[in-house]
Protein chains: 2
Amino acid sequence: MAPQLDGYFAEVDKLSDHFIDRLAKAVAIPSISADASRRPDVVRMGEFLAAELKNLGASVELRPLGKQPDKPELDLPPVVLARYGSDKSKRTILVYGHYDVQPAEKSDGWATEPFTLTVGEDGRMFGRGSTDDKGPVLGWLNAIEAHQKAGIDFPVNLLMCFEGMEEYGSEGLDALIEQEGKGYFADADAVCISDNYWLGTEKPCLTYGLRGCNYYSVEIAGPGADLHSGVFGGTAQEPMTDLVRVLGSLVDTHGKIQIPGIYEQVAPVTSDEEGLYDGIAFTMETLHESLGSKTTIYEDKKPTLMARWRYPSLSVHGIEGAYSAPGAKTVIPAKVIGKFSIRTVPDMDIDKTNEAVYSYVKEVFSKLNSKNSLNVFAQHCGKWWVASPNHWNFRAAAKATERVWGVEPDFTREGGSIPVTLTFEQATGKNVLLLPMGSSTDGAHSINEKLDKRNYIEGIKLLGSYLHYVAEEPQV
Amino acid sequence: MAPQLDGYFAEVDKLSDHFIDRLAKAVAIPSISADASRRPDVVRMGEFLAAELKNLGASVELRPLGKQPDKPELDLPPVVLARYGSDKSKRTILVYGHYDVQPAEKSDGWATEPFTLTVGEDGRMFGRGSTDDKGPVLGWLNAIEAHQKAGIDFPVNLLMCFEGMEEYGSEGLDALIEQEGKGYFADADAVCISDNYWLGTEKPCLTYGLRGCNYYSVEIAGPGADLHSGVFGGTAQEPMTDLVRVLGSLVDTHGKIQIPGIYEQVAPVTSDEEGLYDGIAFTMETLHESLGSKTTIYEDKKPTLMARWRYPSLSVHGIEGAYSAPGAKTVIPAKVIGKFSIRTVPDMDIDKTNEAVYSYVKEVFSKLNSKNSLNVFAQHCGKWWVASPNHWNFRAAAKATERVWGVEPDFTREGGSIPVTLTFEQATGKNVLLLPMGSSTDGAHSINEKLDKRNYIEGIKLLGSYLHYVAEEPQV
């Protein structure tokens, strides 16, 4: 099947230096969305993408998103909306990626200049944005170009949505997706997002599930202003004393959430699912390596994967309003805000979970008999997402993976959230596939972020073949 | 007794505008010790004091203290050492104060320019340093000048030690005091420090005790770097989970320290002491006012004063290494350091207290069965101080108070620490008296710091009369 692929693969190999050069040009633009002073570079990166797409014959729009809510003097970078092909006899695939990057400074500890793509002899290509997410975004452009140069008909219509604020909360994007679900994206038959990673370093995967995230604040306040612990220690009830007791009641060292009404909502493990984990290419050694320690909760793969994918977890992130600097300060903070979040899974309900959290926190606090005041609320809630891995969208991606990598992909879920996934699913009503290009050691968000040359070049082949198998796959 | 005082008082009243002008000149110098860029102003303030003292006929030294330990490029401001009189037939009193101030910006919320002394019609004199501690320091200079102008013999030899780093840990001062205990300060018969406050706003007090302070860090670490809670939540043991449980075990909402071996060290309440608290001019209303809320542990004066003065307290100050900014961040911090301190009282021993803390924290942590690592240590320890209020130094101050204010002073202790007090006592081997000028509502360290004109002018009379009664007081 998909007989044109040999010619496509040969063309990708032939163009590989050119594709690496394209990535180098993109990495050289420091499109850091969190840094207001870099906003012109973010915009320049969007314009670079638009120009490249126009050169390839795509129709392109730079869609403005208005002002940045927390910095009203600052324009949000535009969303690049593009269409390549509009043949009604072909399927239409909507792909998403982002062209902004995390901050990076050489002085953070980078071995190379972060905004200079540096290709080592071992094929590691270091540079901020190489794997997250400029490599995958350019993968789609490269796939178009290789088809053109090889003279192979592009198998689908491609809709593209590339944003410039992903690393800063995707400001403004949800509204656009919701609006364009029946507009610009109306003829999409399925969605593909390449913005996550293999579970390890050797075996490719397709991702069909993500946990949700409910993020909570617990505010405890008493005195009118911060106090001196010498003068007031022993005479005033201290909000911080109450807060650490409340936060200490939420979860134990072994990850067991102490809040009644959470585990009760979790979907039971089916016998099908029981057999699923053993085959996954994942080892505790890799986990210890990425953790930088052996302080895991479980010793074995299966309970570890289940804890990451299909059970909720609760993490305490920190406290706002208390003393947080190095050194010693004898302050009694007047108002402290504890932050924690619960990663949610099927079939947990956002409202039911919030209710359980609120009533438990209030009960723990009331047992303290404190005169301080308590306020507990959710800062934001995002639902979990699970797609059907039996859909033709996943079948096509699985066949493409076998063709390019010579192995059946693992079907994985992820512990984290990519909120845009659910937004696309809800706005288009179509199946969404997460098709990663990079591997678990790429260090997105860290120093020395890299993309392996192999993952980039084979990844371009993967994206292109996926589109060919999409074109061939029967409806059901 | 002390018949010369009427003439002295009249002279102080006559010179009051001049004395306020001198305070205005001092407040106008923004001698902020915590701000390296203000160091020239701190030095200028020391030189201003030295010049004023020379004009009054004192012999003065500006004693350098070397470089600032945490900013080795920065010279510490000099200590002003001065002597007024060396008549071997007179007693010699050593006084201490500081000429540096806390930071202040109009934009912090000040109603007036912080470095412009602003005298309201109600006699409140607003300005940074007015009460802490430029007013009291100038009090000694004003007392000398009023004696000179009234033609009254100065009753004692006065040794003065004014430092410029008190608001930044008194860097370098301890070594100087220890060295000069048998040197520059060798002939001191007693020590007087005017750098604290009345318990309320109406009744003067003499302070004879301070709590000590042991400041602890609890470090819990696991992963090699901060983690993403989506990817690792549920699979890794989280240091923050352990830390809030450890911090939550230290003290309860009602101030009861949970660590065995603390209360066992506290000196029992004597029957003499039992009767001491009822007479103290202190009301729960004033406490609620300065607290800005009614979240006190006790409803009544006596247990409140005892909790502040003669019982230990434990405050949790904050956490270093966790997420402390506003907003939401889904981080699992790799290493977190909890900070708490215990205010210590007679007869608590520093080492014994540390031992009790370490072994309790280790025990609580070991019960968590965590793979994370724990390190608990004291950042700094300062001993409590209690002087004999029956010493002639206190008797003289009490008589002066009655003469100036027309009431017997309260004999008070304080919950906070003034470490230099103990250093002076140990270096000189003499009785130390804390003789406050300002009142509880002066707002040292806060916005709108003020000194009431009445407290300043009557305070100058008080300092002068104290020296007269010192001269008259029998040895035992």
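With respect to B:Gly233, determine if the residue is at the interface with another protein chain (Cβ under 9 Å from one of its Cβ atoms) and on the phi > 0 side of the Ramachandran plot. Considered against the rule, which asks whether it is at the interface with another protein chain (Cβ under 9 Å from one of its Cβ atoms) and on the phi > 0 side of the Ramachandran plot, B:Gly233 comes out as no.
Only residues that are more than 30 Å from B:Ile350 (Cβ to Cβ) and aliphatic (A, V, I, L, M) were counted across region B:282-332, and they come to 5. Just one of the listed residues (A:Gly261, A:Gly255, A:Gly200) is at positive phi, within 14 Å of another protein chain (Cβ to nearest Cβ) and part of a loop (DSSP other than H, G, I, E, B), namely A:Gly255. Sub-7 Å Cβ pairs linking a first residue in region A:464-476 that is in a loop (DSSP other than H, G, I, E, B) to a second residue that is among the charged types (D, E, K, R), at least 6 apart or interchain, are A:Glu473/A:Arg395, ordered by first then second residue. Being without any contact (Cβ under 8 Å) to a residue 40 or more places away in the chain, hydrophobic (A, V, I, L, M, F, W, C) and in the same structural domain as A:Ile32 (by the TED database): is that true of A:Ala186 here? For A:Ala186, the condition - without any contact (Cβ under 8 Å) to a residue 40 or more places away in the chain, hydrophobic (A, V, I, L, M, F, W, C) and in the same structural domain as A:Ile32 (by the TED database) - is met.
What are the residues in region B:34-59 that are closer than 20 Å to B:Glu449 by Cα and at pLDDT below 95, if any?
B:Ala34, B:Asp35
Residue-wise test of (1) of a type in the set (A, V, I, L, M, F, W, C); (2) within 24 Å of the chain's Cα centre (by Cα); (3) under 30 Å from A:Met240 (Cα atoms).
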position	(1), (2), (3)
A:Ile350	yes, yes, yes
A:Val361	yes, no, yes
A:Asn375	no, no, yes
A:Ala398	yes, yes, no
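Output the residue which, of all residues in region B:162-204 that are over 24 Å from B:Phe394 (Cβ atoms) and of a type in the set (S, T, N, Q), is surrounded by the most Cβ atoms within 10 Å (Cβ to Cβ). Here the answer is B:Ser170.
The number of residues in region A:311-327 being touching a residue at least 12 places away in the same chain (Cβ under 8 Å) and either more than 7 Å from every other protein chain (Cβ to nearest Cβ) or not aliphatic (A, V, I, L, M) (or both) comes to 9. Only one of the numbered conditions (1) without any contact (Cβ under 8 Å) to a residue 40 or more places away in the chain; (2) surrounded by fewer than 22 Cβ atoms within 10 Å (Cβ to Cβ); (3) farther than 19 Å from A:Val244 by Cα is violated by A:Pro346, and that is (1). The single condition among (1) assigned to a loop (DSSP other than H, G, I, E, B); (2) at pLDDT 95 or above; (3) charged (D, E, K, R) that A:Lys329 does not meet is (2).
Suppose we filter region B:237-250 for residues that are more than 14 Å from B:Ser217 (Cα to Cα), buried (at least 24 other Cβ atoms within 10 Å of the Cβ) and in contact with a helix residue (DSSP H, G or I) (Cβ under 6 Å, 6 or more places away or on another chain); how many remain? Of the residues in region B:237-250, 0 are more than 14 Å from B:Ser217 (Cα to Cα), buried (at least 24 other Cβ atoms within 10 Å of the Cβ) and in contact with a helix residue (DSSP H, G or I) (Cβ under 6 Å, 6 or more places away or on another chain). Note on region A:41-64: residues that are among the hydrophobic types (A, V, I, L, M, F, W, C) and closer than 18 Å to A:Val101 by Cα total 6. Please specify each residue of region A:293-312 satisfying the condition of being part of a loop (DSSP other than H, G, I, E, B) and within 21 Å of the chain's Cα centre (by Cα). Listed by number, the residues that qualify are A:Arg310, A:Tyr311, A:Pro312.
When B:Trp405 is tested against (1) surrounded by fewer than 22 Cβ atoms within 10 Å (Cβ to Cβ); (2) within 14 Å of chain A (Cβ to nearest Cβ), only condition (2) is not met.
Take B:Leu276 and decide whether it is of a type outside the set (Lys, Arg), farther than 30 Å from A:Gly212 by Cβ and more than 7 Å from every other protein chain (Cβ to nearest Cβ).
Working: of a type outside the set (Lys, Arg): yes; farther than 30 Å from A:Gly212 by Cβ: yes; more than 7 Å from every other protein chain (Cβ to nearest Cβ): yes.
Yes.
Taken over region B:334-344, the residue count meeting the criterion of being closer than 17 Å to A:Ala322 by Cβ and facing chain A (nearest Cβ under 7 Å) is 2.
Given the condition touching a helix residue (DSSP H, G or I) at 6+ places or on another chain (Cβ under 8 Å), closer than 16 Å to A:Glu171 by Cβ and surrounded by 15 or more Cβ atoms within 10 Å (Cβ to Cβ), answer yes or no: does some residue in region A:80-87 qualify?
yes
Does region A:63-77 contain at least one residue that is in contact with a Pro (Cβ under 6 Å, 6 or more places away or on another chain), at pLDDT 95 or above and either buried (at least 20 other Cβ atoms within 10 Å of the Cβ) or β-branched (Val, Ile, Thr) (or both)? Scanning region A:63-77, I find no residue that is in contact with a Pro (Cβ under 6 Å, 6 or more places away or on another chain), at pLDDT 95 or above and either buried (at least 20 other Cβ atoms within 10 Å of the Cβ) or β-branched (Val, Ile, Thr) (or both), so the answer is no.
The values are calculated or read from the model by the stated rules, or taken from the named source; none is laboratory data. This structure is a prediction, so every number in the text was calculated from the model and none was measured. Counting neighbours? That spans all protein chains shown, and the Cβs are built from the backbone with ideal geometry, glycine included.
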